[in-house]
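Inspection log for the structure reproduced underneath, given as structure tokens.
The values are calculated or read from the model by the stated rules, or taken from the named source; none is laboratory data. The structure displayed is predicted, hence computed values, not measured ones. As a convention, Cβ positions derive from the backbone with ideal geometry for all residues, glycine included, and neighbour counts pool all protein chains shown.
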Amino acid sequence: MHPRILEVTERLIERSCATRERYLAMIRAAASAGLSRGKLQCANFAHGVAGCPSDDKQRLRLTNSANVAIVTAYNDILSAHQPYEDYPQRIKQALRDIGSVGQVAGGVPAMCDGVTQGEPGMELGIASREVIAMSTAVALSHNLFDAGLFLGICDKIVPGLLIGALRFGHLPAIFVPGGPMPTGLSNKEKAEVRERYAEGKAGRDELLAAEMKSYHSPGTCTFYGTANTNQMLMEVMGLHLPGASFVNPGTPLRDALTVEAAHQVTRLTQQGGQFLPLGEIVDERVLVNAVVALLATGGSTNHTLHLPAIAQAAGIQLTWQDMADLSEVVPTLAHVYPNGKADINQFHAAGGVAFLVRQLLDADLLHEDVDTVVGRGLRRYSEEPFLEDGRLVWRAGPLESLDESILRPLARPFSAEGGLRVMTGNLGRGVMKVSAVAPEHQVVEAEARVFHDQQALADAFQAGELDRDLVAVMRFQGPRSNGMPELHKMTPFLSVLLDRGFKVALVTDGRMSGASGKVAAAIHVCPEAFDGGPLARVRDGDRIRVDGQNGSLEVLVDADEFAAREPACCDLEPNVGTGRELFAFMRRAFSSAEQGASAFTAGLEGLR
């Protein structure tokens, strides 16, 4: 193994020793208790199977039949999740074919970040991850199940499902993807129309036509945002079947992979003879593998929130510093929009996850000796699935990239380091996705303009007030202030300023979309302004230096003067309307961004 990979892994194991031991003791005690449905009172069992067909009822009375919980995030609002509409019936039939049973244990909410961008509903985004985790726990709480299949793809949904599933980590689990929509209007063309619309050079009709050509059919959006990053991570963590992430919906191969996931999860049950629960798979080495893959592909910055929260659910204490230290030695091997021009279908065609895993394993940058849902060893994930006379089989993935403008070997990386930088200085700690920012735009020193909401920035742009070198400070956007919405609405305006030749950067305690790039953005800054963090003392005209190359985030004001300033108060509208008032308790409980912006931190303290 590469010495840095070993160093980070070893210190993560040491740091997590006590909490991981408690977690493993918890799930092993649950597993050793045996099949839970066989211990239910007769009335409890009867309630749980009353809605099943008679054949399924009979199977469930037998302890040698596996009962698989199906937890689904299906809805019609998310194009990525629309294909899940008929998955439960497909899965149930696949399980019946081998003498097992599937039950839809529960549904979880699934909001579309694309629909809610710039709208009040986006303030429920991070909270929705916690609700999904709790909904998953409720679904599994019936103690009828021997394993779980989890149907989810998009931004907060996969992290929420995984957090909830890990609290039932004594159960085997497989995550079942749905695949990306076919390629439509290129992401580059879409972005160009958005920027022209921001400048008033394109009308709403042209903008709407471009957006609908981009997002045009069932399946995951094709840019490399959080949804597709989720899929890549689930595969590299060994929680998908090999090669399952990026097969398009509605194809014979996609359907075959879904059936095989149902069959495979039964093999991992206590009845199946290859018992392997989820909580045993997701260990420190697997979390390090996830970070390495995130860095090598320039994946979504949202995972600087999600991976620490996921790790904590498994009793593991992952930090931003772990991620930054790995970033120094993990090369960038993929350029997918917003880091490049290609979309996820082109990434998959160029070699995809199979090629990526092979390259990283051969460079000793991934732990190979880990458990996966298809057995021991990550090398299986350098294979890709295909149909041979209607039968699902796997073959070795490509040895060479089929398009080095999208996916490169270790010998010719796009960059010698990963795409993540931890930013530190007298304004706090944050992160920057440098892989999405051209080197000449990664360092900006300019006067600050302070905003408390995205519309104020848009109004200032339209009024011509931002035509200069600028560091936009967008504060009171952290988890405890307003739920930490994504701030994608600002991207076209800041991109136009950059194109006009100005030096532009963003500093915020909020989030940017996994699809955002181009502009140097120090995001997730903590302590957040709502808690009196340094951003609350920044004023218009302060000179700020954002250095993405060296990882520094400084306000260039005399230290004594800066410390003596009274922190600004938030002048945003109350968090009322669009259901936001229902989540006030959760906002109060959120941890810092560096701790995953999680409402569960206090609840998991017992593991420490």
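Laid out as a table, the results:
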| quantity | calculated |
| --- | --- |
| Residue in the range 96-116 that is closer than 21 Å to Leu241 by Cα, among the hydrophobic types (A, V, I, L, M, F, W, C) and either touching a His at 6+ places or on another chain (Cβ under 7 Å) or not in a strand (DSSP E or B) (or both) present | yes |
| Leading residue by the ranking (surrounded by the most Cβ atoms within 10 Å (Cβ to Cβ)) among those in the range 496-529 that are touching a Cys at 6+ places or on another chain (Cβ under 9 Å) and at pLDDT 95 or above | Asp509 |
| Selection count where residues are touching a residue at least 60 places away in the same chain (Cβ under 8 Å) and in a loop (DSSP other than H, G, I, E, B), scope the range 472-490 | 6 |
| Of the criteria (1) among the polar types (S, T, N, Q); (2) in contact with a Ser or Thr (Cβ under 9 Å, 6 or more places away or on another chain); (3) farther than 20 Å from Thr301 by Cα, which one Thr258 fails | (2) |
| Within the range 94-103, tally of residues that are closer than 20 Å to Gly152 by Cα and without any contact (Cβ under 8 Å) to a residue 60 or more places away in the chain | 1 |
| Count of the range 332-358 residues which are touching a Gly at 6+ places or on another chain (Cβ under 7 Å), under 21 Å from Ser214 (Cβ atoms) and not hydrophobic (A, V, I, L, M, F, W, C) | 2 |
| Residues within the range 124-154 that are in a helix (DSSP H, G or I), surrounded by fewer than 23 Cβ atoms within 10 Å (Cβ to Cβ) and not hydrophobic (A, V, I, L, M, F, W, C), tallied | 2 |
| Qualifying residue in the range 68-84 (condition: of a type outside the set (Asp, Glu), exposed (fewer than 12 other Cβ atoms within 10 Å of the Cβ), under 26 Å from Leu276 (Cβ atoms) and not assigned by TED's automatic domain parsing to the domain that holds His488) | no |
| Ser401 being touching a Phe, Trp or Tyr at 6+ places or on another chain (Cβ under 8 Å), farther than 23 Å from Pro277 by Cα and part of a loop (DSSP other than H, G, I, E, B) | yes |
| Complete set of residues in the range 284-321 that are surrounded by 24 or more Cβ atoms within 10 Å (Cβ to Cβ), farther than 21 Å from Ala411 by Cα and either touching a Pro at 6+ places or on another chain (Cβ under 7 Å) or among the charged types (D, E, K, R) (or both) | Glu284, His306, Ala309, Ile310, Leu318 |
| Conditions (1) at pLDDT below 95; (2) closer than 24 Å to Ser65 by Cβ; number of the one not met by Glu280 | (1) |
| Residues (surrounded by 24 or more Cβ atoms within 10 Å (Cβ to Cβ) and at positive phi) located in the range 336-367 | Gly351, Gly352 |
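Residues are listed down the side, and each one gets a yes or a no for (1) under 20 Å from the mean Cα position of the chain (by Cα); (2) buried (at least 22 other Cβ atoms within 10 Å of the Cβ); (3) outside the structural domain of Ser79 (by TED's automatic domain parsing); (4) part of a helix (DSSP H, G or I):
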{"residue": "Arg194", "(1), (2), (3), (4)": "no, no, yes, yes"}
{"residue": "Glu211", "(1), (2), (3), (4)": "no, no, yes, yes"}
{"residue": "Thr229", "(1), (2), (3), (4)": "yes, yes, no, yes"}
{"residue": "Glu235", "(1), (2), (3), (4)": "yes, yes, no, yes"}
{"residue": "Gly243", "(1), (2), (3), (4)": "yes, yes, no, no"}
